Amino acid sequence: MAERRRPLHMRRHTLVLGPVHENGDLVQEFVRIYAKNGRYRRFRLREFAEWVFRRGPGPRRLAYPQIALMAHRDEPPQYLYDAGMRGIVYREGDAAAPEDLERISAYGAKRAILLAEPNAGRDVDAVTIARLGALRTRNRTAHVFLEIRESRNLPLAAAVGGEGAFAIDVNRFVGLFLAHHLVTPGADTLYRDLLTADGSEFYTYVYAEPKELDALEARAAREPTANFAHLAKEAYERFGVVLVGVFIGQGHLLRGRDDLIPVHALTQWANPLEPPAAEPVVHAGGAAGEVPVRHLRGFIGVATTYGPVRDFGAAFLAGEVGAGRTAVITDSAAPKTTPARLQTWLTRSRFNERPVTRVVVIGYSSALPSFVRGLCRFVPDVEIIAFVSARGDAQTSMRDRLAHLGFESEAVDAEQGVIRMELARGGRAEVHVHEGENLVDRAVAVLKNSAPIDAAAFLADPESYDADARTLLRALRFADALEAGIVPRAERLHVLVEFQMKAKGEPLRERLRGQRCGYAEDERVRLTMVSTDELRSYFMVHSAFVPGVTDLYETLLSAEEDELLRLDLPNDPAAAPEGDVGLGELLEAFASERIIPVGFEDRSGRIWLNPPPGHRMPIRDIAAVFVFARHDTVRRRFARPENAGTAAS
């Protein structure tokens with residue numbers, strides 16, 4: 001006990017404050033991604049000085065992170081005894097008390113992650129913001145990433161945290177993530193790779209050294225603009241980086257204390273093949289396909305580690321990449337080096353603008369409002385039928401639940417217990433309010449004589465005694481109704497289930513196996529199980545680890561600019577061109593369409609995100625290409641009228 005109250009003496013470390021015992025995934029993922037990138041750690045003059053003059057430890061690249069955890073419990077989390085947890089320490093204390101923060105060297109922290117207290121009820125954001133305020137009394141410069149559960153509290157959190165504070169609207173992000181899982185088959189695999197240390201992730205490299213900025217000035221004098229299509233091809237083929245964007249800035253952008261990148265001074269330009277949408281990029285001279293070198297401040301790419309993105313950035317400064325010129329991207333231009341048959345094959349790709357048309361949602365979570373809004377923004381004319389239980393044991397009243405969805409409780413039809421509303425892009429929604437426990441029976445009774453459904457989503461109510469058990473039971477009951485033919489369904493059905501611990505959903509997979517659940521071409525039921533706790537943890541870690549990535553995910557999920565979309569290739573492999581293809585050729589082939597491919601799916605259902613540059617696949621074996629592109633661009637070029645109203649395969 002005395003050891004856990006002894007003050008720490010740390011510098012440049014990471015703080016994790018809040019319910020750390022329940023967030024082992026977050027801490028363990030931070031350790032994994034740090035270890036994966038540990039060899040790229042920078043040596044620092046301070047370490048040499050302390051080594052020489054103060055007999056401190058010799059400078060070295062640490063293979064483990066320095067993390068201090070603080071929560072109210074006396075005992076440390078059990079996962080700290082696992083292998084690989086070296087460098088992580090725990091102290092008991094109140095994260096809103098400045099004197100307790102002193103014991104974890106808050107004044108010397110480089111970054112902090114503030115986790116929401118799930119047991120705080122309506123005061124959850126108040127507790128988080130109080131902790132943010134206490135931290136800022138001890139450290140004004142650390143980058144702070146905090147969970148906010150109510151969107152209206154975001155401006156207040158930003159005001160209290162000031163520069164370098166990043167308030168993340170967790171429920172909104174989770175809802176949009178779930179919507180993406182429904183509208184983009186395979187998105188669950190893509191995001192698992194992008195948000196974990198298992199595969200490739202988004203990394204950024206920012207020019208924030210005086211010598212780098214001088215080199216940019218010198219290159220801009222020789223070459224005012226750099227062609228993005230040419231850069232993207234070289235980045236992949238020579239460095240294994242799928243380049244998806246750049247940072248634009250004005251003046252000299254220098255590192256802050258502890259080498260922190262001042263990302264607030266940067267403007268993100270995602271997919272520079274498209275004309276810039278942000279005014280700072282326009283004023284800097286950005287044009288479709290052409291990046292203004294004088295105002296270039298960094299690159300954004302998908303890579304296995306940070307190192308290849310860094311190496312590409314250094315090669316650009318040295319004039320080793322981007323020196324050649326390619327044609328300015330226009331709608332009619334075609335990459336000359338792409339074989340004609342491959343180009344023809346790719347232009348027959350199809351974008352299914354309506355992968356789902358009639359979606360049933362059973363259960364309530366705080367992500368439901370953004371899930372509904374995301375679906376109606378992604379899919380025109382979507383019909384959503386939601387069933388919400390007015391249980392007596394819920395902390396959040398039905399009035400508040402309806403208010404989050406944009407309704408007033410007085411709008412409920414007293415006789416039918418249903419509210420109807422019009423959504424964006426021609427969509428429609430019905431919310432059925434059920435008094436009682438058996439929500440699935442109510443859903444089955446409403447749906448049994450209606451039009452077929454092509455998607456069903458089950459949300460985990462965080463206010464349940466055991467949210468996963470309740471969700472599993474509901475999904476199993478609904479599966480029985482599907483198998484019995486009581487609920488009409490489309491030829492293909494996508495079932496999305498939100499769990500806190502995804503492993504608890506395995507009985508559902510077994511139950512649906514008899515209905516040919518899987519990921520092959522002949523599937524009839526596609527099951528996607530998502531742990532939103534994992535999504536939240538991985539997103540918080542990735543945001544804290546990679547400068548500027550929070551804004552990139554805002555772009556990906558908002559359906560307002562560039563997104564991760566799926567293009568299905570023709571379903572006639574026999575007519576495909578002979579030979580094989582690599583992602584480099586796809587990058588070149590799609591450049592004229594203002595589209596950046598990031599990976600593909602083979603006909604067995606396996607997804608390859610940022611495959612190695614030497615990886616090639618027979619053209620006939622590719623079922624779909626995942627691209628980073630603007631929705632309107634892809635829709636205009638690849639949408640087919642016959643796609644409307646069909647479920648995704």
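The values are calculated or read from the model by the stated rules, or taken from the named source; none is laboratory data. No experiment lies behind these values; they were computed from the predicted model shown. Quick reminder, even Gly has a Cβ in these numbers, built from the backbone with ideal geometry, and neighbours come from all protein chains shown. When the accessible area is computed, the model is the full protein with side chains, heavy atoms only, and any ligands, DNA or RNA have been set aside. Shrake-Rupley method; radii C 1.70, N 1.55, O 1.52, S 1.80 Å.
Some notes on this structure:
- Region 490-504, residues that are touching a residue at least 24 places away in the same chain (Cβ under 8 Å) and surrounded by fewer than 22 Cβ atoms within 10 Å (Cβ to Cβ): A490, E491, R492, Q500, M501, K502, K504
- Matching residues in region 131-157 - criterion: being open to solvent by 20 Å² or more (accessible area, probe 1.4 Å) and touching a Phe, Trp or Tyr at 6+ places or on another chain (Cβ under 9 Å): R138, H143
- Criterion violated by F202 - all others in (1) assigned to a helix (DSSP H, G or I); (2) within 20 Å of G584 (Cβ to Cβ) satisfied: (1)
- Residue check, A220 in a helix (DSSP H, G or I) and in contact with a Lys or Arg (Cβ under 6 Å, 6 or more places away or on another chain): yes
- Per this entry, E383 is not counted among residues that are open to solvent by 10 Å² or more (accessible area, probe 1.4 Å) and at pLDDT below 90.
- Residue match in region 532-544 (condition: in contact with a Lys or Arg (Cβ under 8 Å, 6 or more places away or on another chain), modelled with pLDDT of 90 or more, open to solvent by less than 40 Å² (accessible area, probe 1.4 Å) and not in a strand (DSSP E or B)): yes
- Residue ranges of strands (runs of 3 or more DSSP E) in region 37-133 with at least 3 members modelled with pLDDT of 85 or more, under 30 Å from S365 (Cα atoms) and under 30 Å from the mean Cα position of the chain (by Cα): 67-71, 111-114
- In summary, H283 fulfils each of the numbered conditions (1) more than 19 Å from E217 (Cβ to Cβ); (2) open to solvent by 40 Å² or more (accessible area, probe 1.4 Å); (3) not hydrophobic (A, V, I, L, M, F, W, C) with the single exception of condition (1).
- Only one of the listed residues (A126, A112, A95) is out of contact with any Asp or Glu (no Cβ under 9 Å at 6 or more places or on another chain), open to solvent by 30 Å² or more (accessible area, probe 1.4 Å) and of a type in the set (A, V, I, L, M). That residue is A126.
- All told, A559 meets the bar of being on the phi > 0 side of the Ramachandran plot, more than 11 Å from the chain's Cα centre (by Cα), at pLDDT below 90 and aliphatic (A, V, I, L, M).
- Of all the criteria given as (1) open to solvent by 40 Å² or more (accessible area, probe 1.4 Å); (2) outside any strand (DSSP E or B); (3) hydrophobic (A, V, I, L, M, F, W, C), the one not satisfied by F590 is (1).
- Any hit, region 353-369, residues being among the charged types (D, E, K, R) and modelled with pLDDT of 90 or more: yes
- Residue within region 249-263 that is touching a residue at least 60 places away in the same chain (Cβ under 8 Å), crowded, with 16+ Cβ neighbours inside 10 Å, farther than 24 Å from P210 by Cβ and not small (G, A, S) present: no
- For region 320-338, the tally of residues that are at pLDDT 85 or above and open to solvent by 30 Å² or more (accessible area, probe 1.4 Å) stands at 1.
- Residue among R294, R341, R310, R348 that is farther than 24 Å from E223 by Cα, at pLDDT 85 or above and open to solvent by 20 Å² or more (accessible area, probe 1.4 Å): R348
- When restricted to residues that are in contact with a helix residue (DSSP H, G or I) (Cβ under 7 Å, 6 or more places away or on another chain), open to solvent by 10 Å² or more (accessible area, probe 1.4 Å) and not basic (K, R), region 233-248 contains 3.
- Scanning region 451-481 for residues that are aliphatic (A, V, I, L, M), surrounded by 23 or more Cβ atoms within 10 Å (Cβ to Cβ) and in a strand (DSSP E or B) yields A455, A456, A457.
- Summed over region 482-516, the residues that are of a type outside the set (A, V, I, L, M) and in a strand (DSSP E or B) give a count of 6.
- Unmet criterion (only one of (1) charged (D, E, K, R); (2) at pLDDT below 90; (3) surrounded by 16 or more Cβ atoms within 10 Å (Cβ to Cβ)) for R566: (2)
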